[in-house]
Structures are given as C-alpha cells and as structure tokens.
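Here the structure is laid out as structure tokens; the discussion comes afterwards.
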Amino acid sequence: MNNASILKEIIEQRRSVFPKDYTDAEIPQEVLEEILNAATLAPNHKRTKPWRFKIFKGEEKAQLASEMQAIYKATTPEPLFLEKKYNDIGFKINKANVVVSIVVNFSGMVPEWEEIAATSMAVQNMYLTCTANNIGCYWSSPKIVDELKNSLTIEENQKCLGLFYMGEV
Ligand SMILES: Cc1cc2nc3c(=O)[nH]c(=O)nc-3n(C[C@H](O)[C@H](O)[C@H](O)COP(=O)(O)O)c2cc1C
C-alpha cells in the first residue's frame, strides 16, 4: 500500500474505544513513547507547543481515580449524586492501562483558540497513532477535571481539556 492508502485506512479506522473494552495488557513503553511523540509533531502557530501532557500509570493513576471520584462527590449536590457515576469514574481510570491528562498552555503569543486547536491536533495524532498500533483510546472531557489539584498542577494560564484513556484491545 502507498502512503496515501495507509493514511486513509488509519483515518477511516480510528474510533473512540472505551475502557470497558480494554484488556489488562500493558502498552509497551516504546509504543507509548511513539504515541506521545506523535502528539508533539502537531502544527502549532509561532511554535508555542501549547500542549502539556502528563502520563498516569500504576499508583499515580490509582490516585487520579480517587481524586476524580472525590471531586465528583464534593461538587455534586446530594440529590444529583449517582453512585453508579461515582463508581464509573473510578472504573474507567483503573481499567485503562495509561491515562494522559490534556492541558493547554496559553502563551499569550497567539489567540487562545489557536492553542486549543493545536492541542486538539496533537490529540488527533495520538488517536491515529493508537489506531495504527491497535491501542484503544478516547478523549474524555468531564468538567470536574478543572478541580484537579493533587494529581495535576494547572497554572493560571492553563486549562485542563480532559483525559486521554488508552488500553490494549
Ligand atoms: C474534544 C472532545 C471531547 C470529547 N469528550 C468526550 C467525553 O467527555 N465523553 C465521551 O464519551 N466521549 C468524548 N469524546 C469522544 C466523542 O464522543 C467521539 O469522538 C464521538 O462519539 C465520535 O466517535 P469516534 O471517535 O469513534 O469517531 C470527545 C471527543 C472530542 C473531540
């Protein structure tokens, strides 16, 4: 297959795959590095490289799950609190082999939307590289990520755009 056909196939194959469908297998370190490296190759105006990614695995990932659950509990009025949703937040993070936080850094050098656009293109590169490596993945954007403090340092000029879940399928 030529490059155009290969690219077309990967773009067409790309899908969001959710943690319930991930196996317990470890994503090889070199594949993980390939995915993150692809993200950094995204176009970005004035070379601001606005994406900030933090990789969560193992114990750090377990702590992220606990913090997300605690935030959900603390920010949801009692009558709206759903035990199922609380459990699901923990399940998804624990079931994924790797979770990457997606943060955009606003440099002030270009409009904010351009930095969000560039970060989104970086995420698409991760999606496509996951597809090419048979890794399931998806971008989750719950509002509660704004409240993360222990697992993630979000500076004044930054915003967390969500979490990128990954797992072998
Ligand atoms: C910016 C962005 C945020 C998203 N946030 C969520 C989310 O919070 N929950 C979710 O289930 N899917 C989320 N998704 C995934 C979309 O639901 C998914 O891409 C869409 O259903 C199309 O499916 P596909 O990715 O398989 O083509 C998000 C996608 C994008 C691009």
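Just so it is clear, none of the values below were taken in a lab; they were calculated from the coordinates. Since the structure is predicted, the reported quantities are computational estimates derived from the model, not experimental observations. Note: ideal-geometry Cβ built from the backbone for every residue, glycine included; neighbour counts use all protein chains shown.
Among the residues of the range 12-30, the ones that are surrounded by fewer than 16 Cβ atoms within 10 Å (Cβ to Cβ), under 12 Å from residue 135 (Cβ atoms) and away from the ligand (no atom under 16 Å from the Cβ) come to 4 in all. When 103, 169 are checked against the criterion of being β-branched (Val, Ile, Thr), surrounded by fewer than 20 Cβ atoms within 10 Å (Cβ to Cβ) and within 15 Å of the ligand (Cβ to nearest atom), 169 stands alone in meeting it. A search for C-beta distances below 8 Å between a residue of the range 125-141 that is without any contact (Cβ under 8 Å) to a residue 24 or more places away in the chain and outside any helix (DSSP H, G or I) and any residue that is of a type in the set (Gly, Ala, Ser) and within 10 Å of the ligand (Cβ to nearest atom), counting only pairs 6+ apart in sequence or on different chains, returns 141/162. In the range 146-169, which residues are touching a residue at least 24 places away in the same chain (Cβ under 8 Å) and either acidic (Asp, Glu) or closer than 16 Å to residue 91 by Cα (or both)? Answer for the range 146-169, where residues must be touching a residue at least 24 places away in the same chain (Cβ under 8 Å) and either acidic (Asp, Glu) or closer than 16 Å to residue 91 by Cα (or both): 147, 155, 163, 164, 165, 166, 167, 168. Note on the range 134-153: among residues that are surrounded by 19 or more Cβ atoms within 10 Å (Cβ to Cβ) and farther than 19 Å from residue 62 by Cα, the one that is farthest from the ligand (Cβ to nearest atom) is 135. Summed over the range 31-68, the residues that are polar (S, T, N, Q) and either buried (at least 19 other Cβ atoms within 10 Å of the Cβ) or within 16 Å of residue 154 (Cα to Cα) (or both) give a count of 1. For the range 101-110, the condition holds for no residue, the condition being that it is part of a helix (DSSP H, G or I) and closer than 22 Å to residue 139 by Cβ.
Test residue 97 against the criterion of being closer than 23 Å to residue 132 by Cα, over 16 Å from the mean Cα position of the chain (by Cα) and polar (S, T, N, Q), and give yes or no. Against the criterion (closer than 23 Å to residue 132 by Cα, over 16 Å from the mean Cα position of the chain (by Cα) and polar (S, T, N, Q)), residue 97 does not qualify. The residues of the range 28-59 that are over 15 Å from the mean Cα position of the chain (by Cα) and among the aliphatic types (A, V, I, L, M), listed by number, are 31, 41, 42.
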